[in-house]
Amino acid sequence: MIGGLFIYNHKGEVLISRVYRDDIGRNAVDAFRVNVIHARQQVRSPVTNIARTSFFHVKRSNIWLAAVTKQNVNAAMVFEFLYKMCDVMTAYFGKISEENIKNNFVLIYELLDEILDFGYPQNSETGALKTFITQTGIKSQSKEEQSQITSQVTGQIGWRREGIKYRRNELFLDVLESVNLLMSPQGQVLSAHVSGRVVMKSYLSGMPECKFGMNDKIVIDKQGKGGASEEAAAGKSDLGGSGGGGGKQSIAIDDCTFHQCVRLSKFDAERSISFIPPDGECELMRYRTTKDIILPFRVIPLVREVGRTKLEVKVVIKSNFKPSLLAQKIEVRIPTPLNTSGVQVICMKGKAKYKASENAIVWKIKRMAGMKESQISAEIELLPTNDKKKWARPPISMNFEVPFAPSGLKVRYLKVFEPKLNYSDHDVIKWVRYIGRSGIYETRC
Amino acid sequence: MTDSKYFTTTKKGEIFELKAELNSDKKEKKKEAVKKVIASMTVGKDVSALFPDVVNCMQTDNLELKKLVYLYLMNYAKSQPDMAIMAVNTFVKDCEDPNPLIRALAVRTMGCIRVDKITEYLCEPLRKCLKDEDPYVRKTAAVCVAKLHDINAQLVEDQGFLDTLKDLISDSNPMVVANAVAALSEIAESHPNSNLLDLNPQSINKLLTALNECTEWGQIFILDCLANYTPRDDRESQSICERVTPRLSHANSAVVLSAVKVLMKFMEMLPKDLDYYGTLLKKLAPPLVTLLSAEPELQYVALRNINLIVQKRPEILKHEMKVFFVKYNDPIYVKLEKLDIMIRLASQANIAQVLAELKEYATEVDVDFVRKAVRAIGRCAIKVEQSAERCVSTLLDLIQTKVNYVVQEAIVVIKDIFRKYPNKYESVIATLCENLDSLDEPEARAAMIWIVGEYAERIDNADELLESFLEGFHDESTQVQLQLLTAIVKLFLKKPTETQELVQQVLSLATQDSDNPDLRDRGYIYWRLLSTDPVAAKEVVLAEKPLISEETDLIEPTLLEELICHIGTLASVYHKPPSAFVEGSRGVMHKRLPARTGSGEGTECPDVGNAAGGSAPEAAPSIIPSQGDLLGDLLNLDLAPPTTTGPTPSTSGMQMGGMDLLGGGLESLVGTLGGDIGGSPAMGAGFGAAPAVMPASLNAPVGGGLGDLFDLGGGVGMPMGAYIPPKTVWLPAMKAKGLEISGTFARRAGVIQMELVLTNKAMSVMTDFAIQFNRNSFGLAPAGPLQVLTPLGPNQTIEVSLPLSTVGPVMKMDPLNNLQVAVKNNIDVFYFSCQYPISMLFVEDGKMERQVFLATWKDIPNDNESQFQIQDCHLNSEAASNKLQGSNIFTIAKRTVEGQDMLYMSIKLSNGIWVLAELKVQAGNPNYTISLKCRAPEVSQCVFQCYEAVLKN
């Protein structure tokens, strides 16, 4: 198991050092600094073995977190733990920076004592931790409160405490998708996938039992055979989203993973998603689709080398969704060779600039409706060089935000039951929002 | 809330100030002081001098302060054990506190204080906490047992904590169960044989129930523990798989990977024709792909594991090629791993896509990545024949870029393509030759030279090209020198008239001016070949080469099986067994995949399956060690050909114009060589017996061929050579402070020898080796000292052969052939025991007179007769008899009754015991029956084992 955990600043100075196992000595702290932080070359692996000691590290801005062990630990678990550790720290004191860590070092030690015991990760849900690691002492708690804390930390529903009350029961669902594309210069899709997240913010009283439904192909097909009782329920609900791509009934989900509150065995058996949500915000599910993706933009590049000192670039972008919808924050990044001496740009819409420090022409458009087209052309002057190596022509990348889910996912319902309290599904105010963003959206040129 | 100020105080006299503040009456000031102490401790300053003052602050009702003091205690208690005792009282008191959080804190901290006296006081509070009413305290206490075990294992056993811990597996609270499982698994690892976890269907059921309810971390502990279980049959295996599959949808990648591990392992037991088997295969792909959208570090772990999974079960991900395409922003470690997997998944169906990708990658910036991409193109060509042409033209395009390292890498892979498709792409040679000057890496130079030598007849100026390399012969690396030597010899054999001078030049450079023994020996071998029989030389040097196989860099099957059992862990990231990087007793256990017990294939008994490590997977492709090892086959080639050259100096050199020139210088050389090697009659036989067909794959280490040669040379006078068991590891490095001993026993020319391989895996030099045996059944004792004359440096290996006598003290051992050995060096004395094949004790004069045999057979009472079966032996009686004779088991008579051969044999042991045997061999039946008769029937079992070993090897 994890033998020790160190946090360093960018210079390699130790900010936090907690050793859990006897086989990890103080010299391990220095070994990592010398061999990884101060190493000359770029980091070649997130796992480093130095003198039979293994170091796992992640970096957040310029802070290094390193877990150390001498055993054959579960490597995936160690990284998951390090990420979790970052989440917990962020939840407590915001951004992970040298200053914040120094300011909160006592708190961090206290957290490390709680969430890692002898190197074994323990309950690390911020919701639960915040009930008893407060930096203000817990003497004031009554006996009931204490046992409530311990039963929550160790209990089946470790992520939610009992007795939550809201005057207004409300929940927000965000379907956040990032659409990834790699396209050949000829417009052939080399790979495309959507990775999506359903983020839920809930302000619900008591211990509400929730059931979430979407237009999952497997469920819809099953219902098509088995009667439409659920369909009726879905029709009543006001959650039908405003899709951008038209009338797709259902989508094929390649794979999905769920927050630990979701009952996985139930999903496996019936493909229904039921859970008691944590209070506040949580990422309910992540999913991935590869079929029938609506690609919001198409990029058509044209690069011509005119002699040895000049390049002509023309890029056309086409928006491909309902004309009534508006895409925002559009940015096209056209890489230029390292020996560029000057660039002239003409664009029909938005603003374009050559950024020498980034070796790219950046073209920004604030808004663009569906089914439109826009174009940029540029002349790039090059300095003659002796360098034999050809310019690598990195792909043209694109950023944007659209108000629909490129995967075609729609929320059909989210039902809330709280048998003990007197509010029903109808009393809950529900909001759904779809946002599609570009992930790595590249076209080779 | 600005605690950062504590990091900045660095002035002198600080300790005194802190001391004063710690003893202050004001609570706030005390707390501030303790914080300063902790900050100093963090940055590495020694503040242990403040121990008593800090411990004095422990008695407080301020929990924050208490935790800080505890933190200090954990750090320094070991250096101040006497004073740490002062804290015990507070701990014991805290364990009784009404607040469960404080009880847990006390027991948690106490377990981290590694001071013997404190652990004694820990037992009572721990016992109470294990049975505490509050689950939070119980789950903390469960981990504490593991802590205590790490400090004092005996104490934990004596106090009965292990049983209490086992009870906690049935606890009502899932988190308690998970921690108990984690603690037990850890303790069990250091007691490999104690059936501590006692996994049985009932306890497995409990674990599976808890799996649905506990935290993500708990699920990982439980799944990792489940992976150690071996289900009884395929039904149980399937039902566990069914309950584990829902975990594949968990958001935590570690849960997913651990579930994959359990499934991959238990799947082994499912019959392949089962519907569920197919369903499971399909279910595995999507979660593995999803892992690739995790953070880069986790992607790396996932990719290393996918690399294993793809090798074990390629069908799972065969349609998922696209997800492994490299993204521009991927960190380099992710890029390299993806590339590896792309090649493994490349097939005829997707090759066009893959090639287009690889071509893109070859223009990237990172040198390592580009090299690997170029190499990958070559591997595709070899793997998918249909794509070879396209690959070659892609490589030529890349060569045109003139980027130095791309060109070199391309040439290396083109050489491999030539090996796979001889005489197909020679048109590109001209292009390659243009780039001769830009090659500065040995591997690329060697590859180019090989190409020139191999196709010398089609390259007009081959001699000029090779000559140009010859100028700086001594500055080249060995790899290039060896290659150049071979290439010039090839050239000479193809164009003898023009290149005489060249070949002489290279031979004299190699034999006279070089210090490298490999180079010299190869030079001599060529020289002698050329001078004795040029026709034979041509046959040898220009022999048709075996094609190289398609899969490269595969992990060896047994290691792969072990690594599959370690999915998700560091071992799977390093692709090394845990024993390679874990110190001490942990992780020594080699994990294995369970054997298939499905109804259709149930003939294999499970024991056999286990012993063979799951045996080799179906149609395991042979392995090329690495790209650069082409030399390996050249050496093999030199050793294996069917020549029976005698030591006669050649007179047949007339066929070639240059022979008189060579011959003169060779006379003396051949003479000495003949004396050294050819002098032994076994040598000729050795060559004669060597396989006439080239080994089909290159995976035999080069040394193997040489080893065989020497074995044959040593076994003078033996028709077949005695059976020598393969070397096994007797003393693993971790048990002997870095000294690894492996070895075997052999009988050579009537002398019993213990052949040892000593490897120093420690960091320091080892000297002063000595060896001693305990008394044993046959009085074996070292006949001389252990000959390790030079100190053994780190990572060095030495082979020693120790002659043994049989006149030592005798004591009957169990088993009979057990030998206990002590080896001493400058570090310590180490003990191990090993078993020797009793055939080492069979003496050469063991052939009994026929009459005596008959009389003795009758004389020995029938009670002393034992019968054994030898299964699966496909030798005929003649061959069997010959083979046995090599190990001094002599056939005295043979009788054939109704198609059944009865062989009568005798054996004499070194202590004078006679063993008589009757071996029944029936033509066409692979099962032999053997009856052994001996006055000392104890030895029969051992003798039988020898029969089996000899006949099957």
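The values are calculated or read from the model by the stated rules, or taken from the named source; none is laboratory data. Predicted model only: the values in this text are computed from it and were never measured. Here the Cβ positions follow ideal geometry from the backbone for every residue, glycine too, while neighbour counts run over all protein chains shown.
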Can you confirm whether region B:206-225 contains a residue that is of a type in the set (A, V, I, L, M, F, W, C), part of a loop (DSSP other than H, G, I, E, B) and closer than 22 Å to B:His149 by Cβ? no
Qualifying positions in region B:721-753 - assigned to a strand (DSSP E or B) and without any contact (Cβ under 8 Å) to a residue 60 or more places away in the chain: B:Val729, B:Glu740, B:Ser742, B:Thr744, B:Arg748, B:Val751, B:Gln753
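One line per residue, one yes/no per condition, for (1) buried (at least 16 other Cβ atoms within 10 Å of the Cβ); (2) under 23 Å from B:Val323 (Cβ atoms):
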{"position": "B:Ile343", "(1), (2)": "yes, yes"}
{"position": "B:Ala352", "(1), (2)": "no, yes"}
{"position": "B:Arg379", "(1), (2)": "yes, yes"}
{"position": "B:Ile382", "(1), (2)": "yes, no"}
{"position": "B:Gln408", "(1), (2)": "yes, no"}
{"position": "B:Phe418", "(1), (2)": "yes, no"}
{"position": "B:Pro422", "(1), (2)": "no, no"}
Within 14 Å of chain B (Cβ to nearest Cβ), of a type in the set (Val, Ile, Thr) and buried (at least 17 other Cβ atoms within 10 Å of the Cβ): is that true of A:Thr340 in this structure? no
Of the numbered conditions (1) touching a Ser or Thr at 6+ places or on another chain (Cβ under 8 Å); (2) within 12 Å of chain A (Cβ to nearest Cβ); (3) modelled with pLDDT of 90 or more, B:Asn212 satisfies every one except a single condition; which is it? (3)
Restricting the search to region B:5-24, which residues are at pLDDT 80 or above and not in a helix (DSSP H, G or I)? B:Asn23, B:Ser24
Run A:Glu331 past the list (1) buried (at least 18 other Cβ atoms within 10 Å of the Cβ); (2) closer than 26 Å to A:Gln186 by Cβ; (3) within 30 Å of the chain's Cα centre (by Cα) and report the number of the one that doesn't hold. (1)
Show me the strands (runs of 3 or more DSSP E) found entirely inside region A:40-96 where at least 3 residues are more than 13 Å from B:Val301 (Cβ to Cβ) and away from every other protein chain (no Cβ under 11 Å). A:63-69
So which residues in region B:158-196 are surrounded by fewer than 19 Cβ atoms within 10 Å (Cβ to Cβ) and outside any helix (DSSP H, G or I)? B:Gln159, B:Gly160, B:Ser170, B:Ser172, B:His191, B:Pro192, B:Asn193, B:Ser194, B:Asn195, B:Leu196
Scan region B:298-323 residue by residue and report those that are modelled with pLDDT of 95 or more and at the interface with chain A (Cβ under 9 Å from one of its Cβ atoms). B:Leu298, B:Tyr300, B:Val301, B:Ala302, B:Arg304, B:Asn305
Considering only region A:387-436, state which residues are at pLDDT 85 or above, in contact with a Leu (Cβ under 9 Å, 6 or more places away or on another chain) and within 14 Å of another protein chain (Cβ to nearest Cβ). A:Pro395, A:Met398
Selected residue (criterion: nearest to the other protein chains (Cβ to nearest Cβ)) from residues of region B:97-119 that are in a helix (DSSP H, G or I) and among the charged types (D, E, K, R): B:Arg108
Could you grab the pairs with beta carbons closer than 6 Å, sequence gap of 6+ or different chains, first residue in region B:828-854 and without any contact (Cβ under 8 Å) to a residue 24 or more places away in the chain, second one surrounded by 17 or more Cβ atoms within 10 Å (Cβ to Cβ)? B:Gln835/B:Asn817
In this structure, is B:Ala142 more than 28 Å from B:Cys214 (Cβ to Cβ) and either in contact (Cβ under 8 Å) with a residue 12 or more places away in the chain or within 12 Å of chain A (Cβ to nearest Cβ) (or both)? no
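This table checks each residue for (1) away from every other protein chain (no Cβ under 13 Å); (2) out of contact with any helix residue (DSSP H, G or I) (no Cβ under 6 Å at 6 or more places or on another chain).
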residue: B:Thr230; (1), (2): yes, yes
residue: B:Arg243; (1), (2): no, no
residue: B:Leu257; (1), (2): no, no
residue: B:Val260; (1), (2): no, yes
residue: B:Glu268; (1), (2): yes, yes
Residues that are touching a residue at least 60 places away in the same chain (Cβ under 8 Å) and either at the interface with chain B (Cβ under 10 Å from one of its Cβ atoms) or under 17 Å from A:Gly119 (Cβ atoms) (or both): does region A:25-36 have at least one? no
Can you find even one residue in region A:384-396 that is closer than 13 Å to A:Phe297 by Cβ and either in contact with a Ser or Thr (Cβ under 7 Å, 6 or more places away or on another chain) or surrounded by fewer than 18 Cβ atoms within 10 Å (Cβ to Cβ) (or both)? yes
Filter region A:1-22 for residues that are closer than 20 Å to A:Ala39 by Cα and surrounded by fewer than 20 Cβ atoms within 10 Å (Cβ to Cβ); the one that is farthest from the other protein chains (Cβ to nearest Cβ) is A:His10
Mind telling me which of the residues B:Asp416, B:Asp397, B:Asp460, B:Asp437 ends up being of a type in the set (Asp, Glu) and not in a helix (DSSP H, G or I)? B:Asp460
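Conditions tested, residue by residue: (1) farther than 30 Å from A:Ala28 by Cα; (2) of a type in the set (S, T, N, Q); (3) surrounded by fewer than 18 Cβ atoms within 10 Å (Cβ to Cβ); (4) modelled with pLDDT of 85 or more.
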{"position": "B:Asp3", "(1), (2), (3), (4)": "no, no, no, no"}
{"position": "B:Val43", "(1), (2), (3), (4)": "no, no, yes, no"}
{"position": "B:Val47", "(1), (2), (3), (4)": "no, no, no, yes"}
{"position": "B:Pro81", "(1), (2), (3), (4)": "no, no, yes, no"}
{"position": "B:Gly111", "(1), (2), (3), (4)": "no, no, no, yes"}
{"position": "B:Ile118", "(1), (2), (3), (4)": "no, no, no, no"}
Go through region A:113-128 and count every residue that is more than 17 Å from B:Asn252 (Cα to Cα), buried (at least 20 other Cβ atoms within 10 Å of the Cβ) and either modelled with pLDDT under 85 or in contact with a Lys or Arg (Cβ under 7 Å, 6 or more places away or on another chain) (or both). 5
Could you pull out every one of the strands (runs of 3 or more DSSP E) wholly within region B:812-923 that has 2 or more residues that are of a type in the set (D, E, K, R)? B:890-897, B:900-908, B:914-922
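Okay, residues lined up against (1) at the interface with chain B (Cβ under 7 Å from one of its Cβ atoms); (2) in contact with a strand residue (DSSP E or B) (Cβ under 7 Å, 6 or more places away or on another chain); (3) of a type outside the set (Gly, Ala, Ser); (4) in a loop (DSSP other than H, G, I, E, B):
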{"site": "A:Gln148", "(1), (2), (3), (4)": "no, no, yes, no"}
{"site": "A:Ile157", "(1), (2), (3), (4)": "no, no, yes, yes"}
{"site": "A:Arg160", "(1), (2), (3), (4)": "no, no, yes, yes"}
{"site": "A:Gly163", "(1), (2), (3), (4)": "no, no, no, yes"}
{"site": "A:Gln186", "(1), (2), (3), (4)": "no, no, yes, yes"}
Does A:Leu111 fit the bill of being part of a helix (DSSP H, G or I), more than 10 Å from chain B (Cβ to nearest Cβ) and among the hydrophobic types (A, V, I, L, M, F, W, C)? yes
Some residue of region B:290-304 being surrounded by fewer than 19 Cβ atoms within 10 Å (Cβ to Cβ) and not in a helix (DSSP H, G or I): yes
Considering residues that are aromatic (Phe, Trp, Tyr), surrounded by fewer than 21 Cβ atoms within 10 Å (Cβ to Cβ) and not in a loop (DSSP other than H, G, I, E, B), the number found within region A:397-445 is 3
